[in-house]
1. From the list D59, D39, exactly one residue is at pLDDT below 95, of a type in the set (D, E, K, R) and surrounded by fewer than 24 Cβ atoms within 10 Å (Cβ to Cβ). Which is it?
2. Out of all the residues in segment 72-116, which are at pLDDT below 95 and closer than 13 Å to S11 by Cβ?
3. Would segment 179-192 turn up any residue that is in contact (Cβ under 8 Å) with a residue 24 or more places away in the chain and touching a His at 6+ places or on another chain (Cβ under 6 Å)?
4. Of S11, S61, S43, which residue is under 17 Å from F194 (Cβ atoms) and either touching a residue at least 12 places away in the same chain (Cβ under 8 Å) or not charged (D, E, K, R) (or both)?
5. On the given criteria, is P16 farther than 26 Å from K227 by Cβ and touching a strand residue (DSSP E or B) at 6+ places or on another chain (Cβ under 7 Å)?
6. Here is a list of conditions, (1) touching a strand residue (DSSP E or B) at 6+ places or on another chain (Cβ under 7 Å); (2) closer than 20 Å to R106 by Cβ; (3) modelled with pLDDT of 95 or more, and L157 meets all of them except one; can you say which number that is?
7. Taking segment 180-226 on its own, how many of its residues are hydroxyl-bearing (S, T, Y) and part of a helix (DSSP H, G or I)?
8. Of all residues being surrounded by 24 or more Cβ atoms within 10 Å (Cβ to Cβ) and charged (D, E, K, R) in segment 71-112, which is farthest from Y182 (Cα to Cα)? Just the residue, please.
Amino acid sequence: MEFTRQPDGYSVTGRPIPNWHTPQQTGERIYLIAGTHGDEPESVYVLLRLFRWLKGLPDNSALPITLIPALNPDGLAQRTRTNANGIDLNRNLPTDCWVNNPHEPRYFGGHTPMSEPENLFLNALYQQQSPALIISFHSWKPLLNSNGECDDILQHLAAHNGYPIVREEIEDHPTPGSLGTYASTTLGSPVLTFECPTIEQHTSMETIWQENKKALTSLFTSGILEKYLR
């Protein structure tokens, strides 16, 4: 599968945000995003391993994909959840439930929604080619969370990795200003949040990938994803 690197976005401190696209120039796309929180390197590793596998597929199997391995390069370099402005990018999007007084400082969504260059860049991509589906990789504890209708994908993944499925907001874990809420309500795109286990729960990054390799790779050859493209 052919990918071309498109013009980088830039973080608060000017670090590049690389993004790769398959050649389709029109229509909706499937977005694969990781590294929204810089203290979740497991998500970046898993998406990069999936990226390597996708590039080995024949070109005639290509789907319209945009892939962003590390949306928050400043946080990744500093091992912080937030970006260099101290803002949680997954609480900074303009939703009806957005707040600027979170119950914990690490969830601070900024003084105004969509204030951060990382999110402005991501939203610009959405405006150029709208998302048919977003798979957002994180690491916390193994689970599959969805906003919007994508039950067939949830069931497919869970059948292979055994992760529990949680729909909509996770109990006792409010997410005002999150990508899941923003994309599902404003952009009309379902969002599947793929929560990987952390390195503390595994022996290595590679074992996290191996635990999910079959679930993820088989998804891209199953024909399920094509149903989301309009």
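The values are calculated or read from the model by the stated rules, or taken from the named source; none is laboratory data. None of these values were measured; they are calculated from a predicted model. Note that each Cβ is placed from the backbone with ideal geometry, even for glycine, and that neighbours are counted across all protein chains shown.
1. Values: D39 fails: at pLDDT below 95.
Unique residue meeting the criteria: D59.
2. None - no residue of segment 72-116 is at pLDDT below 95 and closer than 13 Å to S11 by Cβ, so the list stays empty.
3. Within segment 179-192 (the criterion being in contact (Cβ under 8 Å) with a residue 24 or more places away in the chain and touching a His at 6+ places or on another chain (Cβ under 6 Å)), the answer is no, since none of the residues qualifies.
4. Details: S11 fails: under 17 Å from F194 (Cβ atoms); S61 fails: under 17 Å from F194 (Cβ atoms).
The unique qualifying residue is S43.
5. On the way: farther than 26 Å from K227 by Cβ: yes; touching a strand residue (DSSP E or B) at 6+ places or on another chain (Cβ under 7 Å): yes.
Answer is yes for this residue.
6. (2)
7. We begin by selecting, within segment 180-226, every residue hydroxyl-bearing (S, T, Y); these are 181-182, 184-186, 189, 193, 198, 203-204, 207, 217-218, 221-222.
Filter again for part of a helix (DSSP H, G or I), leaving 181-182, 184-186, 207, 217-218.
Residues that pass the stated criteria total 8.
8. Applying the filter and picking the extreme gives D88.
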